[in-house]
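J.: Structure in structure tokens, see below.
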Amino acid sequence: MANIIGVINTSHVPAIGGAIARRAQQEPYWKPFFDGYVPVQKWVAQKRPDVVVTFYNDHGLNFFLDKMPTFAVGAAPEYANADEGWGIPTLPVLRGNQDLSWHLIEALVDAEFDPVTCQEMVIDHGVSLPMALFWPDQQWPVSLVPICINTVQHPLPSATRCWKLGEAVGRAIASFPGDARVLVVGTGGLSHQLDGERAGHINRDFDLRFIESLVSDPRWATQYSNYELVEKVGTQGIELLMWLAARATLDEARKVHSNYHIPISNTASGLLVLEPAGN
Ligand code: DHB
Ligand code: FE
């Protein structure tokens, strides 16, 4: 039986990849950010997951504005990083976990989610940067199942819908007949707006309340429509939907670690590690 060992939610700003490539982790700008991941690396090494299920948004590599699935699940044998030039230049390919992928897809269709299934899929900074932050030697000890949620082209799925998707994925992982220690990851956010009149918009109060809510009152953010969320956290801040989906794979959870740092690029970077309560 598969077991969720925990959830990590993290931002995925592409400039992090540039900093990793330049080995800039100790520079004053980057140190408070990278220091936040040291406890995560220790926790992950101790928990020894063998599969990562990552909720992320594709940034134009697999789907562009002409064809945009609301939900898509990877079922590929492997995933190469194909970021558009501003990530880490060379990154080892990630192994897929096709058995778990197809199990999740079947369970999601049963639960009336009907995702697009991707037997070929490339990944971008939304998947690769968290991996490189958790395993800095880039010798991935895990396989991958990527789950893509559209936060790029409106209409976007609501916070409530993303929560329900996460719950369905959590149930599906629990019913996987194979043995697996699963780490669930949600990547994106927190508040940021990359263009338009409000470029650079950051809402520290909301971000901190949101992080805290995922421990004490995890459905709190589902009270908001996507328009309200965009108003609060910016057009790209809506990537926080991934954090909600990932959180929903667990029932009661306790906080292992969190970090919040402004800014990385134009973005508020957040980090939250959760374990199932009782572990
Ligand atoms: C930035 C943040 C993102 O989430 C992203 O996908 C691209 C760019 C940024 O802050 O630069
Ligand atoms: Fe992004």
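J.: Mind jotting down the distance between the C-alpha centroids of the stretch 213-260 and the stretch 65-127, whole Å?
T.: 22
J.: Cut-off under 26 Å on the C-alpha distance; same-chain residues fewer than 8 positions from Lys42 excluded. Which lysines are left, in chain and number order?
T.: Lys31, Lys255
J.: Can you give the % of DSSP beta bridges in the chain that are antiparallel, to the nearest 5? Don't skip to the end; give the middle numbers.
T.: Numbers: 18 of 43 bridges.
That works out to approximately 40 percent antiparallel.
J.: Moving to a separate point now. Given springs between every Cα pair under 10 Å in a Gaussian network model of the chain, which of Ala82, Ala268, Ala111 has the largest fluctuation?
T.: Ala111
J.: Could you sort the peptides 28-41, 135-148 by per-residue average Cβ neighbour count (10 Å cutoff), highest mean leading?
T.: The most tightly packed comes first, giving 135-148, 28-41.
J.: Right, another one. Modelling each spin label as a point 7 Å along the Cα-to-Cβ direction, I'd like the Lys42/Ala82 distance in nm, to one decimal.
T.: 3.9
J.: Protein chains only, probe 1.4 Å: how do Ile202, Ile123 rank by accessible area, largest first?
T.: Putting Ile202, Ile123 in descending order of accessible area: Ile202, Ile123.
J.: Also, quick follow-up: Before anything else, pin down the relative contact order of the chain: Cα pairs under 8 Å, at least 6 apart, normalised by residue count, whole percent.
T.: 31
J.: I would also like to ask the following. Quick one: in the stretch 1-70, what % of C-alpha pairs are over 16 Å apart?
T.: Numbers: 1570 of 2415 pairs.
Tail fraction, whole percent: 65.
J.: Next up: Just grab the label-to-label distance for Gln98 and Tyr227, each label 7 Å out from Cα along the Cβ direction, in nm (one decimal).
T.: Simple spin-label model gives 4.5 nm for this pair.
J.: Suppose a student asked you for the relative contact order of the stretch 1-113, using Cα pairs under 8 Å spaced at least 6 residues apart; what percent would you report?
T.: Relative contact order comes out at 28 percent.
J.: Among the aspartates and glutamates, which fall within straight-line cross-link reach of Lys47, defined as a Cα-Cα distance under 20 Å, with same-chain neighbours fewer than 8 residues apart omitted?
T.: Asp35, Asp137, Asp179, Asp251, Glu252, Glu275
J.: Further, regarding this structure: Mind computing the radius of gyration and Dmax over the alpha-carbon atoms of the stretch 165-271? Å is fine for both.
T.: 14.8, 51
J.: With viscosity set to 0.692 mPa s and temperature to 37 °C, compute the Stokes-Einstein D of the chain, Rh being the Kirkwood radius across alpha carbon pairs; µm²/s, no decimals.
T.: 179
J.: Something else now. Note down the nm distance, to one decimal, between modelled labels 7 Å out along Cα→Cβ at Asp137 and at Lys31.
T.: Taking the simple label geometry, Asp137 and Lys31 are separated by 2.6 nm.
The values are calculated or read from the model by the stated rules, or taken from the named source; none is laboratory data. Owing to the predicted nature of the structure, the values given are computational and were not obtained by experimental measurement. In this analysis, Cβ positions are derived from the backbone assuming ideal geometry, glycine residues included, and neighbour counts consider all displayed protein chains. Note: areas computed on protein heavy atoms with side chains; ligands, DNA, RNA excluded. Shrake-Rupley method; radii C 1.70, N 1.55, O 1.52, S 1.80 Å.
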